[in-house]
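Read the structure below first, then the notes.
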Amino acid sequence: MQTHGGDYKDLVVFLAAAGVMVPLVNRLKISPVLGFLAAGVVLGPDGLARFADRLPWLSYFTISDPGQLAQLSELGVAFLLFMIGLELSWERLRALRRLVFGLGLMQVAACTLVLAGLFMLLGQSLVSAAVLGMGLALSSTAVVMPVLAEGGRLKTSVGRSTFAVLLAQDLAVAPILITVSVMAALAQGGGTLDPAVLGRALFTLVPAAMGLGLLVLLGRVVLRPMFRSVARARKAAQGGELFVAASLLVVVGAGLAAQSVGLSMSIGALVAGVLLAETEFRREVEVSIEPFKGLLLGVFFVGVGLGLDLGAVAADPVLLFGLALAVTVVKTGVIFALARLWGMGARPALETALVLAPAGEFAFVVFATGMVEGIAPPALTSTVALSATLSIFSIPLLALLGQRLSRTKAPDRPTTPEGAAPPEQADGAVIVVGFGRVGRLIGELLKAHDQPFIALDTDAAAVAAGRRDGFDVFYGDAGRPEMLSHCGVQTTRALIVTMDAPGKVDEVVTAARALREDLILIARARDDQHAARLYALGVTDAVPETTEASLQLAENTLVDLGVPMGRVLVSIHEKREQFRKAFQAAMPAGGRSRTTRALRMSQINTAKLES
């Protein structure tokens, strides 16, 4: 069958918009989420496409079939949850269980009751009010989490509490949909429910529970061997694309498996991420998935913008904006009260409430189910859905407002709510690149002196051996700036490069120094010439193998000849300083100034840490 270029027109328009919008909003210092939402409004059927009859050429620059992007947008949400799962572990999930099943489920229940009560006051029946209340009680994981990540709030008490509530909401979607079906059966039965109908509704939970358990079991058995096989292929210069393909397979496969048993695709992806977080391949998978996540989430945000009917908004703006504002204010009040009850300080509680107050993408699923079952009035439900879309647009602005309020002054109560996981520690005070004989020895000494560290290596066997011995070692290429960023190079105290390949050492040093000028950067050098080159690249210290071997031999010889240890150590230290100055003197002038600046910045950073 012949495929015409027009079949991909909407996708091309989206990619062109992403290429223009993202750089533009970054330059204007606006949230990319807002940029994609605005692009969806402008490029949608109610945007520029309205003028296509008078200006036919506009049809080439608009998205005419939002359905083409729907599946891609669902993948974007799944990728987001997968990345969140990679930052978790079963231990942290257990630590968050009181927040998830306490604060999270209380939020869903309380917001549902309050909102349903308000709709009943407006004349709605109990059943239709309940459907609207349950839909609006949910928040937008796909928008809230990226916005918090942009503001650096994910690892704060606000980020942890917000994630726990969002996770509880995602888990509540299936029971909510079952509740809608049960209410529909009640309405049709005149207030009585056939036990067989109730049994069928509850029985739908059984495959979901079994499927989730099977997903966890298969993940524990399959994931680590699969990625080790891919890592071995990569070492043989055949696996660069295979690693990306394996990561994509895990996300899509886990999502589809969860979807097939009645759960959301995002829940399956989250479970897969948590399972991979326990393995040594977590960092490499993060780097491989990141570009796809950002682009596919962009599709989701554009899709939300496409769903905004500007004609309907223009027909009754007061009602729609008023309803969106009312829902946001009510949910803010309820969530703020619950967060305070759960032990959060006033300002973190307010920030949490503000980002969770707008409606979410699952509201549309609940509303659609209610209309299909015949218990949600179509006209009112469509109006509420449109106001929910408007409230989603406000999330980046509310998040910014919450951050500014939180930073006005220190919170007046402890900011870690009851049952929350403890704050995550930095990825490591030291990053060790290469975990062979040299790297392992450095790691053992760091551990002996209670200095936390993580290690990176591209040898899957060395990584597996290190993890078996209790070291925090990950598979990954430290020559990639994005890998260093995922390992916390912006907050780490020092980076030590121990690899014996001079070219690779240079690559890692260049990437690390480009990311941070004040980083303590120590590298292993092959010989004197390599050491001089490393100083030119900005290392704090270069340790040439030949020189250090000579100094060690001289030290042992002098001690064996009876020279006092103190005098030997002083002379060795002086000789080492002479070598260092000689290496630095051999550098070009630009390299010397860069090294001096890097050393000064490292000393300042060390003084700050020690103080």
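What follows is calculated from the coordinates using simple rules that are stated; it is not laboratory data. Values in this document were obtained by computation on a predicted structure and should not be read as measured data. Quick reminder, even Gly has a Cβ in these numbers, built from the backbone with ideal geometry, and neighbours come from all protein chains shown.
Worth a mention:
- Put simply, when 121-127, 264-270 are sorted by average Cβ atoms within 10 angstrom per residue, most first, you get 264-270, 121-127.
- Calculated FRET value between ALA16 and GLN490, using beta carbons and R₀ = 45 Å, to 0.05: 0.90
- With a Förster radius of 30 Å applied to the beta-carbon distance between LEU445 and SER229, the computed FRET efficiency rounds to 0.35.
- When you count the other C-beta atoms within 10 angstrom of each residue and take the mean per peptide, 152-159, 37-44, 221-228 line up highest first as 37-44, 152-159, 221-228.
- With the highest mean first, a sort of the peptides 312-324, 132-144 on other beta-carbon atoms found within 10 angstrom per residue produces 132-144, 312-324.
- Residue order, fewest to most beta carbons within 10 Å, for SER260, SER288: SER260, SER288
- Rounded, prolate or oblate (a/c below 1.5 giving rounded, otherwise prolate when a/b exceeds b/c) for segment 91-170 by Cα gyration tensor: prolate
- About the Cα centre, charge dipole magnitude for segment 430-610 (Lys/Arg +1, Asp/Glu -1 at Cβ), debye: 480
- Pairs from LYS155/LYS293; LYS504/LYS581; LYS9/LYS155 whose Cα-Cα separation, in the structure shown, is over 28 Å: LYS9/LYS155
- Once the chain from LEU249 to GLN529 is taken as fully extended at 0.36 nm per residue, the excess over their C-alpha distance is 96.3 nm.
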